[in-house]
Amino acid sequence: MKTIVALIITAIVGVCVFSACTVLPAIAGALDPSTPSAGWPHRAHLAKLMKNPKKELLTEDEKLRAGKNICALKHLDKDKNNQIFNEEAKAFCSLKKSDKIYFYDWCVECGSSAYNTKNTSYLLVRDGKPFESVQIETKYSKDLRRAVPIVDRLH
């Protein structure tokens, strides 16, 4: 009987120790103000796009055309249905007059490598701050032997 009680107490103490080991770092991270807030990778990506020297500000007509096409999800492969990309595109559905859209068209690792990709992105800037971005998806072309965008531009 004593051994059963000792086993139960040991099991309870073991569970408490293991759960405390996983919970304490989470609590300490939440209390520490120096830890990054949620969404920091997304904001960092938007800031990096904003600093890119190859960005091109769209005119008002191009902005409306791009917003309409992004809202219609023409930048995504129709075979794929990714909820995250759908959520990103919703920001382009309700453009304000003061919104700006920047266009990026640059080549990553250009040369003769099979890993060359052409990145085509649109960045929505609202109230002077980068708000949301979308990238035109790519498909692998057997003829070209590299990934190519599904459409060249949306504006």
### Query
Based on the Cβ-Cβ distance of E60 and K139, what FRET efficiency does E = 1/(1 + (r/R0)^6) give at R0 = 25 Å, to the nearest 0.05?
0.20
### Query
Between A147 and residues 5 or more places away or on another chain, which pairs have amide H atoms under 5 Å apart, with H built 1.01 Å from N, and which residues are they?
S141
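Of K54/K97; K68/K139; K63/K142; K90/K142, which pairs sit farther than 26 Å apart, going by alpha carbon to alpha carbon?
K63/K142; K90/K142
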### Task
In whole angstrom, note down how far apart the Cα centers of segment 48-89 and segment 127-155 are.
9 Å
### Query
Using r as the Cβ-Cβ distance of R43 and T10, and R0 as 41 Å, what FRET efficiency do you calculate, to the nearest 0.05?
0.30
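Gain in length, R146 to S94, computed as 0.36 nm per residue apart minus the alpha-carbon separation, to one decimal in nm?
Going from the current span to full extension adds 15.3 nm.
All of the numbers you see were taken from the coordinates with simple rules; none came from a lab. In this text, all values refer to a predicted model and were calculated from it rather than measured experimentally. All Cβ positions, even for glycine, are placed from backbone atoms using ideal geometry, and neighbour counts span all protein chains on display.
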